[in-house]
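Chemist: Here it is, the structure in full.
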Amino acid sequence: MKAKILEKLREVEERRGVEILLAVESGSRAWGFASPDSDYDIRFIYRHEKDWYLSPWDKDETIEFMTEDDLDGSGWDLRKTFHLLLKSNAALLSWFYSPIIYMKNEKFYELFKPLADSCFSPIAVSYHYLSMSKNISKPAGLMKLN
């Protein structure tokens, strides 16, 4: 399956004109509790060419895909990644600890990982997981979707 995932990520790079800096498994497969019907939760950080960032117009900073072979991909542009990092985004921080890495730009990782570690806020992450636990404990009909 890794070959299919890498093929899909390369297709994203080519079609969208981006470079994927980090791509990891983020879901149940990454943490060792996948069921037989679990999909592949591929999360990635990417960057555009320099001129893309010089435009004054807002642009989409997310790339998503879902394939027939259960590849669920979602990536954030580098600019969006920095904004989320400053907020100690729990999902983003977890990507740097995933045991399953599909693609990794070593230079990016060496620069970004210490920054991610220094931006970690136990309070912000605690609020994130507390909020998730409150939503999970509600009956399905009352669950608030974010």
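The values are calculated or read from the model by the stated rules, or taken from the named source; none is laboratory data. All figures in this text were calculated on a predicted structure; none of them were measured in a lab. In this analysis, Cβ positions are derived from the backbone assuming ideal geometry, glycine residues included, and neighbour counts consider all displayed protein chains. Please note that ligands, DNA and RNA were not included when accessible areas were found on the heavy atoms of the full protein model with its side chains. Shrake-Rupley method; radii C 1.70, N 1.55, O 1.52, S 1.80 Å.
Chemist: How high is the relative contact order of the range 22-94? Use alpha-carbon pairs under 8 Å, at least six apart in sequence, and give a whole percent.
Modeler: Here the relative contact order equals 29 percent.
Chemist: Now for a separate question. Using a 1.4 Å probe on the protein chains only, how many percent of the accessible area of the range 1-129 belongs to carbon and sulfur?
Modeler: 54
Chemist: Leaving ligands, DNA and RNA out of it, work out the accessible area of Glu61 with a 1.4 Å probe and give it in Å² to the nearest 10.
Modeler: 50
Chemist: Please arrange Ser55, Ser118 by accessible surface area, largest first, computed with a 1.4 Å probe and ligands excluded.
Modeler: Ranked from most to least accessible, the order is Ser118, Ser55.
Chemist: Please report the Cα spread of the range 9-52 along all three principal axes, rounded to whole Å, starting with the longest.
Modeler: So the three principal-axis extents are 43, 16, 11 Å.
Chemist: Also, I was wondering about something else. For Trp76, Trp57, write out the residues from largest to smallest accessible area, computed with a 1.4 angstrom probe and no ligands counted.
Modeler: Final ranking, largest accessible area leading: Trp57, Trp76.
Chemist: Right, next: Past 21 Å, Cα to Cα, is the threshold; run Lys80/Lys107; Lys8/Lys50; Lys87/Lys113 against it and keep the listed order.
Modeler: Over 21 Å Cα-Cα: Lys8/Lys50.
Chemist: Quick one: ranking Ser35, Ser74 by accessible area, 1.4 Å probe, largest first, what do you get?
Modeler: Ser35, Ser74
Chemist: Here is a further query. Sort out for me the Cα centre separation of the range 1-45 from the range 61-103, rounded to whole Å.
Modeler: 9
Chemist: Turning to a different aspect of this structure: Around Ser74, under 10 Å between beta carbons, what's the net of Lys plus Arg minus Asp minus Glu among the other residues?
Modeler: Spelling it out: positives minus negatives among the neighbours equals -2.
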